[in-house]
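The values are calculated or read from the model by the stated rules, or taken from the named source; none is laboratory data. Bear in mind the structure is a predicted one, so any value in this text is a computation, not a measurement. Note: ideal-geometry Cβ built from the backbone for every residue, glycine included; neighbour counts use all protein chains shown.
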Amino acid sequence: MLDFLKKKFSKNLKEKVSFESKVLRKNDISLLILDERWNNIFRNIDKPPEIARGEEELTGLLKEQARLSDESKTIQAQKKEYMAKIIELTPEAFDKDNEDAKREMQFYEKEIKRINDRLKEIGDRLEKIPDLLKEANLKLLELAVNKVYFKIRESGKRIEELDKMIEETKIKLKEMISERETLAQGSSDVYSYFHDLLGKEELERLDKEYFR
C-alpha cells in the first residue's frame, strides 16, 4: 500500500483517500499525463469522466504555459525593435525638431509601455502555473487512486474467486476425462468382444434395433 496516504485504506472504501501536500516532492511524481505508464493503465479499463477532466485541466495549463512563453518571446522581440526605432528617430526628433518623428517616437513609447505591462502580466501568470500544475497533478493522482487503484485492487477478490473456480474446473475436467476414457475403453472392449462372437452384420442389426 502507498506510504503517503493521509487516510488509511478502509475496507469498505467509503472514505476518499487524500495525500499530504508534500507528496509530489517526496515521491518525485512527474506530470501524470506525460508518463507513458499513466496512459497504459487505461488500455483495458474505461477512463472515468473525472479522470478525463483532470487530464484536460493539466493539458490546459501546459498549453497556457507554452502559449504565454511564446508570446513573451514575441513581444520582447517587438520591444527590442521599438527601442531601436526610438534610438533611430531621436536625432530627427530633437536635433531637427521634426514633429512627425516625435509623434512616431511617442507611438513606440506607448507600445513599449503596453508591452512592459503585458510582460509583467505574463511573468506573474507563469510564476503561478508551476504550482497550479502541481496542485492539478496531485488532484488527478487522488482521483486515480480513488477511482482506479482501489477499484482494481478490489477486483483481486474476484480474481481469487475465479482462480478457485478454475482450479475446481480443472479437477472436474480431469475426472470427466478419466471417466470418458474408462467408458470409451469399456465400450471398445465390449464391442470388440461381441464383434468377434457375433460378427459385424449382427452387431449392426442389434444397434439399429435397440439404439434407433
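Assorted remarks:
- Close pairs (8 angstrom Cβ cut-off, 6 or more residues apart or separate chains): assigned by TED's automatic domain parsing to the domain that holds Ile115 in the stretch 64-78, loosely packed, with under 13 Cβ neighbours inside 10 Å anywhere: Ser72/Gly123
The rows are residues; the columns are (1) touching a strand residue (DSSP E or B) at 6+ places or on another chain (Cβ under 8 Å); (2) within 30 Å of Ile115 (Cα to Cα); (3) at pLDDT 95 or above.
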| position | (1), (2), (3) |
| --- | --- |
| Arg37 | no, no, no |
| Arg43 | no, no, no |
| Pro48 | no, no, no |
| Glu55 | no, no, yes |
| Leu61 | no, yes, yes |
| Ala66 | no, yes, yes |
| Ser72 | no, yes, yes |
| Ile75 | no, yes, yes |
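- Some residue of the stretch 112-125 being in the same structural domain as Lys79 (by TED's automatic domain parsing) and either at pLDDT below 85 or over 43 Å from the mean Cα position of the chain (by Cα) (or both): yes
- Taken over the stretch 44-67, the residue count meeting the criterion of being among the polar types (S, T, N, Q) and assigned to a loop (DSSP other than H, G, I, E, B) is 1.
- All positions within the stretch 82-102 that are surrounded by 12 or more Cβ atoms within 10 Å (Cβ to Cβ) and part of a helix (DSSP H, G or I): Tyr82, Met83, Lys85, Ile86, Glu88, Leu89, Thr90, Glu92, Ala93, Phe94, Ala101, Lys102
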